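Quick notes on the structure that follows.
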Amino acid sequence: MGMVPSPRPFGGRSASRAFFVFLASVCAVRAQTVTGRIVGFVQDTNTGAIWNAQVIVLNQETGLKWNYTTSTRGSYVAPSLPSGSYRIQVEAAGFRTAVSLDNRVAVAQTTRVDFTMHIGAITESVQVPAVADLVESATSGLSQTVDRKQIQQMPLNGRIFSQLITLAPGALANGAADSPESASGAGARSPIGASVNGLPWSGTSYMMDGVTNKEPQNSFINIAPPIEAIEEFKVQTNNPSAEFGAFGGAVINVTMRSGTNDFRGSVFEYLRNDDLNARNFFAVTRAPFKSSQFGATAGGPVVRNSAFFFADYQGMRLRNGQTFTLNVPTPDMRQGIFTASEGFGTIYDPDSGNISLPGSRIPVNRFDPVTAKVANLWPLPNTGGRSPAVNYIQNISQRQQVDQGDVKGDYQPDQNVRLFVRESYDHRDYVSPSPGNIFIGAGQENAESRQHNAVVGYTHTVSASAISEFRLGFNRFNTFHWGNDFGVRENNILGIPNGNLDAFPESSGIANFNVSGIQATGSPLSTNGLRASATYQGTEAFTLTKGQHTVKFGIDANRTDATVTNPEANPRGQFDFDSSLTSKQGSGGAGFASFLLGYPNTVSRGFVNTRPVVVTYGAGFYVQDDYRVSRKLTLNLGLRYDLLTHPYERHDRQTNFNLSD
């Protein structure tokens with residue numbers, strides 16, 4: 001890691017993707033609720049409504065308690081409840097007390113619990129069994145909740161929660177897996193994103209405790225917390241309430257675990273190795289593989305029934321073997337000798353009117369001085385083959401080190417005030433050596449990622465029928481990725497004029513020499529770049545319960561600063577060689593012959609001399625009324641207006657063409 005600079009996310013100089021401005025504008029963040037609610041009706045044995053009954057809702061894990069009363073129609077609403085299991089007790093004069101245990105509340109979900117009261121003394125009690133709703137009868141939205149038990153017990157190759165999104169109808173695994181730019185996919189063997197309802201995987205939004213958890217351009221998941229730290233996550237796919245705003249295929253909201261009145265913890269390690277792996281068909285030996293995921297969780301009370309903590313850590317040490325099969329120049333080719341036994345036809349001299357070269361041999365004094373040096377950078381064949389086809393095989397061990405953790409605190413001094421705060425951090429080092437040497441272009445990149453996600457939430461019960469919820473969130477994605485030749489001024493050493501430029505650090509390394517039939521040199525054109533974004537969110541929601549109406553209105557606002565410096569063209573230069581210039585009317589010729597003579601058919605290079613910081617603002621205003629017309633009919637009425645500002649570059653260093661001017 002000694003060669004890696006520490007680029008500042010929002011300053012300096014580099015290149016950018018031209019279409020980032022558009023993508024930043026369409027990936028605006030939307031806030032999402034982090035609580036659920038319980039609703040129901042209280043009636044007597046003749047189905048008559050019981051009004052002014054006392055409803056006591058108790059979280060069975062934390063001891064937190066809330067009191068409500070039924071309306072004139074016998075209905076009650078317990079809004080803004082943290083996810084968990086609840087005990088509900090109903091008391092009314094002249095009736096036995098009714099108690100229902102283990103009523104599960106999930107994020108953004110309505111749980112319905114009705115009570116039928118029996119005449120008797122209030123000191124007597126009747127147990128009402130909790131029955132899970134088979135159909136979501138209180139809202140018209142379509143969603144799927146995946147709880148902690150499912151998350152921890154379902155087999156996951158990579159142990160990443162988002163691989164379970166496909167449990168929801170209409171969801172297919174799609175998008176990024178384990179790659180230099182996608183730190184959340186560390187160790188995954190398959191895509192960790194999802195395409196939902198036929199929309200592209202980039203249309204799926206990811207949230208954590210109600211704040212965005214997504215990189216804005218390519219829709220990478222920012223942080224994938226350890227599955228031991230997740231309480232549940234919800235996949236919302238269709239017809240959400242107005243507070244959720246617009247999204248593409250789905251919104252996935254992860255709820256992190258909180259502490260309870262019991263001290264609980266765990267220690268874990270998951271180890272996989274190559275003992276039972278098969279050898280690659282072409283390889284002489286088996287590619288190495290070893291994956292170790294380990295960590296711990298701890299949670300409990302700071303003050304019983306009032307303050308709680310939860311913390312977790314997970315590390316990964318991965319050695320992932322890769323077998324490379326390359327085409328490299330044979331010893332004869334490096335001397336300018338092209339024989340039929342190695343699969344070549346006649347080589348023609350482009351400087352002599354396409355007259356064939358004697359013996360299809362290029363004299364050494366005709367070699368281009370630059371390409372003659374480059375020819376020696378390819379490793380020698382190691383398979384014994386006579387042709388430049390799969391004549392070099394090597395096993396490479398790709399290394400990853402991941403350290404991540406979360407800390408969450410909850411505090412409720414009384415039933416009218418609730419506060420929670422969480423910080424999540426993920427640091428990954430990704431090292432992917434090149435086969436042969438650092439100048440061979442096999443698509444290998446290294447990366448260092450430092451991701452943050454944080455949220456503070458404050459809920460205030462103003463009165464028995466009014467609740468205010470305020471939330472601040474922050475999400476930072478920061479990944480710098482570079483090729484194995486980064487920092488080496490190889491173009492200058494080879495004698496390429498203006499090969500490596502001090503003003504453009506991303507130009508360090510070697511150019512891409514793309515010779516037909518031969519493995520290219522140089523790192524991928526888009527590497528040596530920074531992908532960074534910072535999203536700031538603020539939301540305020542106010543819930544009023546009046547008779548049969550539950551009205552919720554509010555605003556969510558956000559700002560996103562985003563930087564992407566991956567170039568569209570290779571800043572180190574690209575030289576393409578094929579057989580056309582050393583052939584005659586399409587007959588004979590060889591790309592490596594054109595290369596030795598120094599005759600590329602195309603040359604390209606690209607720079608953008610700024611590091612853009614694209615800024616966008618968004619705000620959503622909404623009102624939602626859930627009107628319980630009767631016990632069998634609920635109307636969900638909502639209205640929302642979203643404002644998205646035109647994206648701009650913070651320092652006015654980026655322009656677009658307007659063909660209408």
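Tabulated results
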| read-out | value |
| --- | --- |
| Signed unit charges on C-beta, dipole axis of the chain, positive-most listed residue SER424, SER579, ALA557 | SER424 |
| Charge dipole (debye, nearest 20) of the stretch 149-265; +1 at Cβ of Lys and Arg, -1 at Cβ of Asp and Glu | 220 debye |
| Length added when fully stretched, PHE474-ARG399, from 0.36 nm per residue minus Cα-Cα | 24.0 nm |
| Heavy-atom surface of the chain, accessible at 1.4 Å and reported per residue (Å²) | 42 Å² |
| Test item: Cα-centred dipole of the chain, Lys/Arg +1 and Asp/Glu -1 on Cβ, debye | 320 debye |
| Share of Cα-Cα pairs in the stretch 296-421 lying beyond 25 Å, as whole percent | 59 percent |
| Cβ-based charge dipole, the chain, positive-most Cα from GLY74, GLN127, PRO225 | GLN127 |
| Two-decimal ratio, the stretch 102-186, of alpha-carbon radius of gyration to 2.2 N^0.38 Å | 1.67 |
| Mean residue ellipticity (222 nm) of the chain, computed from DSSP H runs ≥ 4 via -39,500 (n - 2.57), nearest 500 | -1000 deg cm²/dmol |
| For the stretch 358-480: relative contact order, % (alpha-carbon pairs under 8 angstrom, 6 or more apart) | 20 percent |
| Contour excess over end-to-end distance, with Cα ends at HIS427 and ARG87 and 0.36 nm allotted per residue | 118.4 nm |
| Relative packing of 265-272, 168-175, which averages over residues the other C-beta atoms within 10 Å, highest first | 168-175, 265-272 |
| Cut-off 15 Å (backbone N to label point 7 Å along Cα→Cβ of ARG653), residues of the stretch 445-479 | none |
| Linear extension gain, ALA49 paired with ALA389, 0.36 nm per residue minus alpha-carbon span | 114.1 nm |
| Paramagnetic reach from LYS290 in the stretch 180-201 [backbone N under 19 Å; point 7 Å along Cα→Cβ] | 187-188 |
| Pair TYR313, PHE268: separation of 7 Å Cα→Cβ label points (nm) | 1.7 nm |
| Förster radius 25 Å - calculated FRET efficiency between ASP642 and SER140, Cβ distance, rounded to 0.05 | 0.75 |
| Cα gyration tensor, the stretch 539-619 - rounded (a/c under 1.5), prolate or oblate | prolate |
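The values are calculated or read from the model by the stated rules, or taken from the named source; none is laboratory data. Here the structure is a predicted model, which means the values were calculated and not measured. As a convention, Cβ positions derive from the backbone with ideal geometry for all residues, glycine included, and neighbour counts pool all protein chains shown. Note: areas computed on protein heavy atoms with side chains; ligands, DNA, RNA excluded. Shrake-Rupley method; radii C 1.70, N 1.55, O 1.52, S 1.80 Å.
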